[in-house]
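K.L.:
Before we start, here is the structure in question, set down as structure tokens.
The values are calculated or read from the model by the stated rules, or taken from the named source; none is laboratory data. Just so you know, these numbers come straight off a predicted model, no measurement behind them. Glycine gets a Cβ as well: all are built from the backbone with ideal geometry, and neighbour counts include every protein chain shown.
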Amino acid sequence: MVGTLTRSERRIGIVLSVSLGLLGLGMAAGARHGVMAVHGMMALGLGLALIFHIGGALYDEPEPAPGRSGRYYDAPTRFGIGMTLLWAIVGMAAGVWVAALLYWPEATPPWPWTSFGRLRPVHTTGVIFGFGGNALIATSFHVLQRTSRARLADALSPWVVLIGYNLFCAWAVTGYLMGSTQSKEYAEAEWYADLWLVVVWSVYFTLYIRTLARRNEPHIYVANWYYLAFILVVAMLHVVNNLALPVSLGAADSFTIWSGVQDAMIQWWYGHNAVAFFLTAGFLGMLYYFLPVRSGRPIWSYRLSIVSFWGIVFFYIWVGSHHLHYTALPYWAQTLGMTFSVMLLVPSWASAGNAIATLNGAWHKVRDDATLRFMFVAAVFYGLSTFEGSFLAIRPVNSLSHYTDWTVGHVHAGTLGWVAMIVFGAIYTLVPQLAGRETMAWPRAIEWHFWSAVGGTLVYVIAMWNAGITQGLMWRTYDESGALSYSFIESVRTMAPYYLLRTLGGAMFLGGAVICALNCRATMRAAGGREDAADHPLSLHPAE
Amino acid sequence: MSAPRPYNAPDTDAPTGHREVDPVTGYDTTGHDWNGIRELNTPFPRIVVWALGLTFLYSVVTWVLLPAWPTGHTYTRGLLGLDQSEAAVERLREVDAVRQGWLARFDDPDFTALAADRDLMAWATPAADRLYQDNCAACHGFAGGGGPGFPDLRDTAWLWGGDPETVAETLRHGINAPDPDTRIAEMPAFDWLDRSERRELAAYVAALPTGDATHDSPAGFLFAENCEACHGAQGGGGLMNGAPSLADAAVIYGQDPGTVMETLRVGRRGVMPAWGDRLSAAEINLLASYVSRVSENGKGGRE
């Protein structure tokens with residue numbers, strides 16, 4: 001990292017690190033004990049480590065060669081991919097463990113931090129924000145530069161974004177283990193972590209816009225539209241849903257400003273659009289870049305990609321209320337959520353269809369190249385889970401599926417089958433490039449990863465479909481005496497085989513991710529030249 | 001492959017200035033080029049327009065029929081005039097009407113008459129079983145076997161009595177529950193006894209079920225002075241005051257010397273919630289007859 005920075009940038013970096021350390025010290029001193037004090041000490045430790053890391057190389061390491069603005073800046077992407085893989089293993093391992101606890105609840109260890117309730121958000125935050133978020137940020141830097149033919153606008157802010165974002169994830173996850181939560185699903189982190197993420201995100205957005213403004217292509221590629229929608233809308237959702245009043249400036253406790261059914265509606269407006277703009281829009285950006293690059297095929301339809309983009313962005317923002325069917329939420333809001341969910345299917349399938357039609361003329365590559373096959377499977381699962389999503393949003397269907405494991409299966413069809421598959425496709429395309437090599441170190445291992453990932457996903461999703469439909473039917477069946485035919489505990493006992501299968505499927509998926517991480521490490525270790533790429537002439541801006 | 005389509009394309013991309021035709025699909029590209037990525041100038045697929053139109057039509061029909069759009073202080077009610085609260089209450093009423101057909105019989109707690117009506121019991125027992133599973137099984141076990149701290153309902157050892165009337169009373173008001181008529185029972189802590197005395201007493205109590213206890217001993221005297229009032233002479237119990245018999249090995253916390261030492265040191269104050277506000281009188285009577293029959297069927301379930 002330090003080798004890519006000039007002396008003056010290193011000095012600014014030290015100033016920023018000192019500020020981070022002071023912020024941490026202030027938090028620790030203000031809170032004195034408890035979760036916030038631990039988090040303050042974490043920030044202080046990170047600040048000190050960065051001061052030593054940059055300071056130690058301040059004058060020793062040579063400065064980057066002149067003319068770097070004529071080259072792409074790939075060091076942040078390299079770091080981001082590393083964090084992606086680290087979080088993949090942490091988040092997925094937590095997932096497999098909590099899945100196993102549902103089958104063997106007696107295996108819960110006696111310490112508070114090992115309870116299911118604390119570990120479950122470690123899994124969701126670890127995979128969504130740790131794994132997914134780092135993958136989005138890392139690939140967005142790569143895609144943005146290549147499709148704009150411009151270097152990132154400056155050398156420091158990518159590091160602020162990546163290090164700051166990972167500090168947020170680490171705060172969130174360690175906070176859950178210590179029992180700190182806002183009790184909002186996918187927004188569990190407390191108020192100071194939320195504020196910190198706003199700062200980080202503003203830097204990210206500014207960097208993105210500044211780099212786009214420097215582009216040497218007259219048009220902005222659709223992938224950048226998706227990444228921009230992801231950054232912008234996630235900022236809006238995050239700020240509105242996390243509006244809260246801290247109990248005191250020195251405590252990791254707060255009260256949300258929303259109450260009652262408004263709170264529920266804001267939460268699921270956030271929650272569903274986290275799916276839409278975090279887990280869909282950003283990853284569609286990834287798909288629209290890496291799929292044509294890997295297959296060597298033009299995007300099948302330019303018009304379809306544009307219409308799909310605006311369709312997805314417009315329809316998604318309405319549909320959060322379908323999480324609250326048959327609740328205290330007014331019926332009219334449920335109807336709107338349901339109808340927009342149905343209309344949303346069209347642009348979603350248009351995107352999936354556009355991706356699959358792009359592979360026309362490259363099907364032999366799909367057969368031979370596991371990396372491209374990851375992306376093909378991702379597009380198929382994207383189509384599958386968006387159809388399922390629209391279907392489950394229809395009220396009478398939802399009355400069967402709601403609160404069952406069908407929902408869990410649906411989410412994992414999207415996250416394992418679509419999000420993770422496209423990330424792995426992107427990683428296997430990117431990592432050899434970043435290492436200056438032709439291929440991954442162990443090309444055969446990509447096949448093993450592919451089949452364990454596809455197998456794991458299918459086992460998981462099919463087990464949860466069966467589990468969910470069984471639960472839904474057991475809960476709603478009355479016998480002729482007017483009494484429920486099954487007690488709740490019977491429906492729990494019936495789940496045992498499905499929960500065992502789910503654990504198995506998750507473990508297969510985790511195994512694939514571990515293979516991927518080892519493969520990437522081996523590839524980076526055997527790196528060729530680390531000189532940053534410049535595959536298209538970049539117009540030279542004045543030296544920074 | 002196929003010839004370029006005579007497609008009247010919009011203006012070409014200025015910087016590249018040229019178009020090419022994709023040999024696989026026969027379409028030309030838009031002329032854009034991003035890091036080697038190109039886009040085909042495929043006409044907008046007709047089916048997407050149709051699908052958008054169809055889903056929009058579905059939405060419009062739905063909006064007309066159901067409550068849909070907010071209009072300031074109110075919202076469009078929809079032609080069907082549906083109200084989700086009314087619909088939910090209506091369905092609950094329907095199911096409840098079916099249930100009341102036979103459940104009403106349990107309003108009158110004449111348990112002997114109820115038990116004699118074999119047809120009624122055959123009809124009611126499956127429902128009682130589900131009622132038990134949903135409300136009682138979490139503590140008393142799937143089959144009524146209890147667990148550490150929770151009584152076994154299959155055996156004949158009862159703290160307050162196992163006849164249906166008494167069980168119904170326990171269900172209604174609970175034990176040590178926040179209910180004005182709750183049953184109260186507490187094993188006080190005997191931490192004021194010397195540790196050596198407690199150890200002797202524990203050994204004595206642990207030996208009671210096997211009959212090996214020496215009553216004419218210091219521990220026997222300690223027991224007579226401190227424990228007999230609640231647990232009965234020589235721990236025989238039977239006072240139905242919430243204090244268990246110590247002679248039948250059915251103590252819910254366990255009767256090995258270590259557990260008895262723990263009980264003597266910290267005391268015990270188990271809680272059974274009051275169900276009077278959560279279940280109807282008929283449901284409580286139904287459960288009471290069910291539970292007392294579990295006990296009869298599994299007589300001496302735990303030896």
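K.L.:
Tell me which residues, restricted to the stretch A:468-506, are of a type in the set (Gly, Ala, Ser), buried (at least 20 other Cβ atoms within 10 Å of the Cβ) and over 30 Å from B:GLN100 (Cβ atoms).
P.N.:
A:GLY468, A:GLY505, A:GLY506
K.L.:
Does B:ALA87 count as within 9 Å of chain A (Cβ to nearest Cβ) and either assigned to a loop (DSSP other than H, G, I, E, B) or modelled with pLDDT of 90 or more (or both)?
P.N.:
Answer is no for this residue.
K.L.:
When you go through B:ALA128, B:ALA97, B:ALA124, B:ALA68 one by one, which is the residue that is touching a Ser or Thr at 6+ places or on another chain (Cβ under 8 Å), facing chain A (nearest Cβ under 10 Å) and without any contact (Cβ under 8 Å) to a residue 12 or more places away in the chain?
P.N.:
B:ALA68
K.L.:
Considering only residues that are under 18 Å from the mean Cα position of the chain (by Cα), loosely packed, with under 15 Cβ neighbours inside 10 Å and either part of a loop (DSSP other than H, G, I, E, B) or among the basic types (Lys, Arg) (or both), which ones fall in the stretch B:110-142?
P.N.:
Hit for the stretch B:110-142 is B:PHE142, nothing else.
K.L.:
Now a separate question. In the stretch B:91-109, what count of residues is obtained for those that are among the aromatic types (Phe, Trp, Tyr) and more than 24 Å from the chain's Cα centre (by Cα)?
P.N.:
The number of residues fulfilling the criteria is 1.
K.L.:
Right, something else. Please go through (1) closer than 30 Å to B:ARG118 by Cα; (2) touching a helix residue (DSSP H, G or I) at 6+ places or on another chain (Cβ under 9 Å) for B:SER217 and return the number of the only condition it doesn't satisfy.
P.N.:
(1)
K.L.:
Turning to a different aspect of this structure: If A:ALA507 meets every condition in (1) of a type outside the set (Asp, Glu); (2) at pLDDT below 95; (3) in contact with a helix residue (DSSP H, G or I) (Cβ under 7 Å, 6 or more places away or on another chain) apart from one, which number is that one?
P.N.:
So the condition that A:ALA507 fails would be (2).
K.L.:
Whether any residue in the stretch A:189-210 is buried (at least 20 other Cβ atoms within 10 Å of the Cβ) and over 20 Å from the mean Cα position of the chain (by Cα) is what I want to check.
P.N.:
yes
K.L.:
Would you mind stating whether A:LEU458 is without any contact (Cβ under 8 Å) to a residue 60 or more places away in the chain, in a helix (DSSP H, G or I) and either out of contact with any Pro (no Cβ under 8 Å at 6 or more places or on another chain) or not β-branched (Val, Ile, Thr) (or both)?
P.N.:
yes
K.L.:
Exactly one of (1) modelled with pLDDT of 95 or more; (2) touching a Phe, Trp or Tyr at 6+ places or on another chain (Cβ under 9 Å); (3) surrounded by fewer than 24 Cβ atoms within 10 Å (Cβ to Cβ) is unmet by A:ALA88. Its number?
P.N.:
Single failed check for A:ALA88: (3).
K.L.:
Do we have any residue at all in the stretch B:133-153 that's closer than 12 Å to B:VAL291 by Cβ, among the polar types (S, T, N, Q) and within 14 Å of chain A (Cβ to nearest Cβ)?
P.N.:
yes
K.L.:
Which residues, taken from the stretch B:178-227, are surrounded by fewer than 16 Cβ atoms within 10 Å (Cβ to Cβ) and within 30 Å of B:ALA274 (Cα to Cα)?
P.N.:
B:PRO178, B:PRO180, B:ASP181, B:ILE184, B:GLU186, B:PRO188, B:ALA189
K.L.:
Same structure, new question: What about A:MET440, is it outside any helix (DSSP H, G or I), closer than 25 Å to A:ASP369 by Cα and either in contact with a Lys or Arg (Cβ under 6 Å, 6 or more places away or on another chain) or not basic (Lys, Arg) (or both)?
P.N.:
Against the criterion (outside any helix (DSSP H, G or I), closer than 25 Å to A:ASP369 by Cα and either in contact with a Lys or Arg (Cβ under 6 Å, 6 or more places away or on another chain) or not basic (Lys, Arg) (or both)), A:MET440 qualifies.
K.L.:
Right, next: I need the full set of residues from the stretch A:2-29 which are modelled with pLDDT under 95 and of a type outside the set (D, E, K, R), in order please.
P.N.:
Selection gives A:VAL2, A:GLY3, A:THR4, A:LEU5, A:THR6, A:SER8.
K.L.:
Further question on the same structure: Would it be correct to say that A:GLY56 is modelled with pLDDT under 95, at positive phi and not β-branched (Val, Ile, Thr)?
P.N.:
no
K.L.:
Quick one: is A:SER248 under 25 Å from A:ASN273 (Cα atoms) and polar (S, T, N, Q)?
P.N.:
No, not satisfied.
K.L.:
A further question follows. Tell me which helices (runs of 4 or more DSSP H) are completely within the stretch A:1-107 and hold 1 or more residues being among the hydroxyl-bearing types (Ser, Thr, Tyr) and touching a Ser or Thr at 6+ places or on another chain (Cβ under 9 Å), or say none if there are none.
P.N.:
Because the criterion is at least 1 residues that are among the hydroxyl-bearing types (Ser, Thr, Tyr) and touching a Ser or Thr at 6+ places or on another chain (Cβ under 9 Å), the helices (runs of 4 or more DSSP H) in the stretch A:1-107 that meet it are A:75-103.
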